[in-house]
Amino acid sequence: MSTILLVEDEILILDTTRELLKVLNHQVFTAATGAMALEVLAERKGQIDLVLLDLSLPDMNGYQLIPTLAEKYPELKIIICSGALPDELDFKDLPIVKGILNKPFEFRELREIVSNTVSSE
């Protein structure tokens, strides 16, 4: 079991994804904004194994948040989870980003990317 921070501002997606992750036996914390994500990570320093990060958040976008997370929590793993991905994503300078999950996604896709990411310790 891993501990996952789900950062998503759309409540239906947040609730559904949280429940799917719980079915997969993960402990899940949630945040609806970048600022809330930073608070959860600070409160649970070292306890979060993986962040599922939506790129479109109300207070900042994922592109702004990822470098901060990489600097503060270099051991963290991030999966970008978004329905509006640009054609060219370049995170090769940020090894903290381990994968991309396009919305809408199927349960199987979520299970596979999370499993592969958390098992690649």
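Consider I96 carefully, then state whether it is aliphatic (A, V, I, L, M) and either farther than 16 Å from M1 by Cα or surrounded by fewer than 19 Cβ atoms within 10 Å (Cβ to Cβ) (or both).
On the way: aliphatic (A, V, I, L, M): yes; either farther than 16 Å from M1 by Cα or surrounded by fewer than 19 Cβ atoms within 10 Å (Cβ to Cβ) (or both): yes.
So I96 passes the test.
Being more than 19 Å from L101 (Cα to Cα) and part of a loop (DSSP other than H, G, I, E, B) is the filter here, so list the residues in the range 1-27 that pass it. Please lay out each step first, then the result.
First, pick out the residues of the range 1-27 that are more than 19 Å from L101 (Cα to Cα): 1, 25, 27.
Selection gives M1, N25.
Please list, ordered by residue number, the strands (runs of 3 or more DSSP E) wholly in the range 28-121 having 2 or more residues that are at pLDDT 90 or above and of a type in the set (V, I, T). Don't jump to the end; show me each part of the working.
Numbers: elements: 50-53, 77-82, 97-102.
Ranges flagged: 77-82.
Residues of the range 32-53 being surrounded by 13 or more Cβ atoms within 10 Å (Cβ to Cβ) and farther than 16 Å from K77 by Cβ, which ones?
Matches in the range 32-53: A32, T33, G34, A35, M36, L38.
Condition test on L69, is it touching a Cys at 6+ places or on another chain (Cβ under 8 Å), closer than 22 Å to S119 by Cβ and buried (at least 18 other Cβ atoms within 10 Å of the Cβ)? So that I can check it myself, show each step before the final result.
Values: touching a Cys at 6+ places or on another chain (Cβ under 8 Å): no; closer than 22 Å to S119 by Cβ: yes; buried (at least 18 other Cβ atoms within 10 Å of the Cβ): yes.
No, not satisfied.
Going by the conditions given, is V114 over 11 Å from the mean Cα position of the chain (by Cα) and either on the phi < 0 side of the Ramachandran plot or among the small types (G, A, S) (or both)? It would help to see each step written out before you state the result.
Values: over 11 Å from the mean Cα position of the chain (by Cα): no; either on the phi < 0 side of the Ramachandran plot or among the small types (G, A, S) (or both): yes.
Here the answer is no, as V114 does not meet what is asked.
It is to be established whether one or more residues within the range 11-19 are under 12 Å from the mean Cα position of the chain (by Cα), surrounded by fewer than 18 Cβ atoms within 10 Å (Cβ to Cβ) and of a type in the set (A, V, I, L, M).
no
The values are calculated or read from the model by the stated rules, or taken from the named source; none is laboratory data. In this text, all values refer to a predicted model and were calculated from it rather than measured experimentally. All Cβ positions, even for glycine, are placed from backbone atoms using ideal geometry, and neighbour counts span all protein chains on display.
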